[in-house]
Amino acid sequence: MAKAKRQYICQNCGSATYRWQGQCADCGEWNTLVEEAGETVFSAKHDLSKGGRTIALETLNADSKMPERMLCGIAEFDRALGGGFVAGSATLIGGDPGIGKSTLLLQAAGRLAQAGKSVVYISGEEATAQVRLRAQRLGLGNAPVALASATSVRDILATLDRQTADFVVIDSIQTMHSDLIDSAPGTVSQVRASAQELIRYAKDSDAAIVLVGHVTKDGTIAGPRVLEHMVDTVLAFEGERSHQYRILRAVKNRFGGTDEIGVFAMGEEGLGEVSNPSSLFLTDRSRDVPGSVVFPALEGTRPVLVEVQALTVRLASGATPRRAVVGWDSGRLAMVLAVLEARCGLQMGAAEVYLNIAGGYRLTDPAADMAVAAALISAFSERPVPADAIVFGELSLSGEVRQVSHDGLRLREAAKLGFSSGWGPKGMKPVGGISVTGFERLGELVDLMLGRD
Ligand code: TYD
Ligand code: MG
């Protein structure tokens, strides 16, 4: 027999318990358990004597057509998606409040509508007048987008039932409410149930649906990490609100790679495409300043040159030094500092260390280790790295410089932007007129920069 039980759902990771606890046993977050209506618990084994349909099993080599793609005409958006939206698919786009999700989707919706697609934009957060004003500001006032302000999933589905749509935006999934569940909007069960219904609609109707999701402070899409499993594509919209650059990154993509990024700049007229990000991130670079190093990051197949800045302050002995990082992993910084101290004899332990990636960029490329090390050595010794050099390479705990992927691509991009020397792992080949210096151990870089033999 089926019986309903009350249960407590963690609003961060979605795990369920039958007893309230202060801390979630699965993800370790505090005060995230909220009582929600229990799902029906079954305790039975399938009784096959009652029948069950046999499923036709297929072979792998049968013909199947490629999914149909819809290009929204914003090249950077289409690129991050791996070639446009797929009909009948669900995409989740997550990001901090105010980063520009609504703006980006309104621009995509407008462009698709102008291209003759049937587009529906449902806002659960803003009134239609607000969305309309923004569209006018973006120069899309005349785009034939069907607009509504609604939060009831039942009403939305009833409306969509009456008209065919190629592209549907739901902004945001946390504001949606399904009356099949009696929890408040924004709770895990509500978000999950609403998303499920909307995704089912997309699959059945062959429309491409985009769900907007807010992100919690630790960077996961609010509460329901469960949502990430349900959709076909997850895009993260990143950037610092105080900077104009925004990066759209595919985190999961059932229809393409997850290594492409789209780069945008927020301006007066919405999000503009940045087709040459390298020159953008280096515009305000300070040359010949100790602690500044240019690093050729690789995003998928696309090199992006960014500036790594370090500052070290020597403290009087006894005080505990501070370490602050913006745009990089603090654990990774601690590792590079330890390698510099233990393998290269630099007394970083007593110094305060500040590390910043310019332009609000977030580095994830492991090849950044060497660039960070060079910036730290430069800041510590107060000797600038040559302004025409780029630095890259992964470091091991023993202080070895490891090979990284696509060194040729990185060097070629740097050469294109006028750099003339590349410092990296041993074995690189010079390309595009850039000279290379290979290092086997980090100690060699320290010797070179400090002028030691
Ligand atoms: P929005 O798309 O509302 O963010 P989200 O949906 O992710 O919460 O973007 C809000 C910010 O973008 C807001 O602070 C104003 C800024 N903005 C511009 O700078 N220029 C523009 O043309 C638009 C439409 C917004
Ligand atoms: Mg918004």
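The values are calculated or read from the model by the stated rules, or taken from the named source; none is laboratory data. If you're wondering where the values come from, they're calculated on a predicted model, not measured in any experiment. For neighbour counting, all protein chains shown are included, and Cβ atoms are generated from backbone atoms with ideal geometry for every residue, glycine included.
Are there helices (runs of 4 or more DSSP H) fully within segment 351-453 with at least 2 residues that are at pLDDT below 90 and out of contact with any His (no Cβ under 7 Å at 6 or more places or on another chain)? List them.
Helices (runs of 4 or more DSSP H) meeting the threshold: 407-416.
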Quiz item: Among all residue pairs at least 6 apart or on different chains, which show Cβ distances below 8 Å where the first residue, located in segment 401-415, is farther than 11 Å from Pro296 by Cα and the second is among the hydroxyl-bearing types (Ser, Thr, Tyr) and part of a loop (DSSP other than H, G, I, E, B)?
Solution: Arg402/Ser396
Quiz item: Within segment 173-215, which residues are among the β-branched types (Val, Ile, Thr), within 16 Å of ligand 2 (Cβ to nearest atom) and within 26 Å of Glu68 (Cβ to Cβ)?
Solution: Ile173, Val210, Val212
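Would it be correct to say that Thr59 is more than 16 Å from ligand 2 (Cβ to nearest atom), surrounded by fewer than 20 Cβ atoms within 10 Å (Cβ to Cβ) and farther than 17 Å from Phe264 by Cα? Talk me through it step by step, then tell me what you get.
Details: more than 16 Å from ligand 2 (Cβ to nearest atom): yes; surrounded by fewer than 20 Cβ atoms within 10 Å (Cβ to Cβ): yes; farther than 17 Å from Phe264 by Cα: yes.
Yes, satisfied.
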Quiz item: Within segment 50-63, is even one residue within 16 Å of ligand 1 (Cβ to nearest atom), outside any strand (DSSP E or B) and of a type in the set (D, E, K, R)?
Solution: no
Quiz prompt | Selected residue [over 25 Å from the mean Cα position of the chain (by Cα) and either under 20 Å from Asp447 (Cα atoms) or free of Cβ contacts under 8 Å to residues at least 24 places away in the same chain (or both)] from Ala334, Ala371, Ala338, Ala350 | solution = Ala338
Quiz item: Is there any pair linking a residue in segment 90-109 that is closer than 22 Å to Arg254 by Cβ and touching a residue at least 40 places away in the same chain (Cβ under 8 Å) to one that is within 9 Å of ligand 2 (Cβ to nearest atom) and of a type in the set (A, V, I, L, M, F, W, C), with Cβ under 9 Å and at least six apart or on different chains, and which?
Solution: Leu92/Val212; Ile93/Leu105; Ile93/Val212; Gly94/Val212; Gly95/Val212; Lys101/Val212; Leu105/Val212
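Keeping to segment 340-365, report how many residues are in contact with a Ser or Thr (Cβ under 8 Å, 6 or more places away or on another chain) and either within 15 Å of Leu311 (Cα to Cα) or surrounded by 19 or more Cβ atoms within 10 Å (Cβ to Cβ) (or both). Working first, answer last.
In the first step, residues of segment 340-365 are kept if they are in contact with a Ser or Thr (Cβ under 8 Å, 6 or more places away or on another chain); the result is 343, 348, 350-354, 360.
With the extra rule that they be either within 15 Å of Leu311 (Cα to Cα) or surrounded by 19 or more Cβ atoms within 10 Å (Cβ to Cβ) (or both), the set shrinks to 348, 350-354, 360.
Matching residues across segment 340-365 total 7.
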Quiz item: Does at least one position in segment 133-141 carry a residue that is in a loop (DSSP other than H, G, I, E, B), closer than 12 Å to Gln107 by Cα and without any contact (Cβ under 8 Å) to a residue 40 or more places away in the chain?
Solution: yes
Quiz prompt | Count of residues meeting criterion [crowded, with 24+ Cβ neighbours inside 10 Å and in a strand (DSSP E or B)] in segment 69-85 | solution = 1
Quiz item: What residue, among those in segment 146-178 that are within 16 Å of ligand 1 (Cβ to nearest atom) and in a helix (DSSP H, G or I), is surrounded by the most Cβ atoms within 10 Å (Cβ to Cβ)?
Solution: Ile173
Quiz item: Which ones in segment 122-145 are within 12 Å of ligand 1 (Cβ to nearest atom) and of a type in the set (A, V, I, L, M, F, W, C)?
Solution: Val131, Leu133, Ala135, Leu138, Leu140
Quiz item: Taking into account only those residues within segment 62-103 that are more than 16 Å from ligand 2 (Cβ to nearest atom) and among the charged types (D, E, K, R), which is farthest from Val226 (Cα to Cα)?
Solution: Asp63
Quiz item: Somewhere in segment 107-118, is a residue surrounded by fewer than 22 Cβ atoms within 10 Å (Cβ to Cβ), over 20 Å from Thr164 (Cβ atoms) and not basic (Lys, Arg)?
Solution: no
Quiz prompt | Subset of segment 94-116 that is more than 13 Å from Phe264 (Cβ to Cβ), under 19 Å from the mean Cα position of the chain (by Cα) and not in a helix (DSSP H, G or I) - its residue that is farthest from ligand 1 (Cβ to nearest atom) | solution = Gly94
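Could you say whether any residue in segment 204-226 is at pLDDT 90 or above, loosely packed, with under 14 Cβ neighbours inside 10 Å and of a type in the set (D, E, K, R)? Steps first, please.
Looking only at segment 204-226, we keep the residues that are at pLDDT 90 or above, and these are 204-213.
Next cut, loosely packed, with under 14 Cβ neighbours inside 10 Å only: 204.
Next cut, of a type in the set (D, E, K, R) only: 204.
Among the residues of segment 204-226, at least one is at pLDDT 90 or above, loosely packed, with under 14 Cβ neighbours inside 10 Å and of a type in the set (D, E, K, R), which makes the answer yes.
Condition check ((1) over 29 Å from Ile377 (Cβ atoms); (2) touching a residue at least 40 places away in the same chain (Cβ under 8 Å)) across all residues:
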{"residue": "Leu235", "(1), (2)": "yes, yes"}
{"residue": "Gly270", "(1), (2)": "yes, yes"}
{"residue": "Ser278", "(1), (2)": "no, yes"}
{"residue": "Thr283", "(1), (2)": "no, no"}
{"residue": "Asp288", "(1), (2)": "no, yes"}
{"residue": "Val294", "(1), (2)": "no, yes"}
{"residue": "Leu305", "(1), (2)": "no, yes"}
{"residue": "Gln309", "(1), (2)": "no, yes"}
Practice problem: State yes or no: is Ala129 among the aliphatic types (A, V, I, L, M), over 27 Å from the mean Cα position of the chain (by Cα), in the same structural domain as Gly267 (by the TED database) and at pLDDT 95 or above? | Solution: yes
